[in-house]
Amino acid sequence: MTEGVRVETLARPERYTRAQLERAMWIARVLERGSLVLCEPPRG
């Protein structure tokens, strides 16, 4: 459950897979953060 969580990306968001974005939202939720910024561009 990731309600109330927002993920921002500095790279183009379409370069991330759905699984990567879902994991980022899960991490933000576990850390009790309202948002998480992905600063490194994804590899691959």
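Step by step: first the residues of region 21-44, then only those that are in a strand (DSSP E or B) and not hydroxyl-bearing (S, T, Y), then the one that is modelled with the highest pLDDT. Which residue is that?
Taking the candidates together, the pick is V37.
Checking R18 against (1) at pLDDT 80 or above; (2) surrounded by 10 or more Cβ atoms within 10 Å (Cβ to Cβ): exactly one of these is not met. Which one?
Failing condition for R18: (2).
Got a number for residues in region 3-15 being assigned to a helix (DSSP H, G or I) and either of a type in the set (D, E, K, R) or exposed (fewer than 11 other Cβ atoms within 10 Å of the Cβ) (or both)?
Total meeting the criteria: 2.
The values are calculated or read from the model by the stated rules, or taken from the named source; none is laboratory data. Predicted model, so just to flag it, every value in this text is computed and none were measured. All Cβ positions, even for glycine, are placed from backbone atoms using ideal geometry, and neighbour counts span all protein chains on display.
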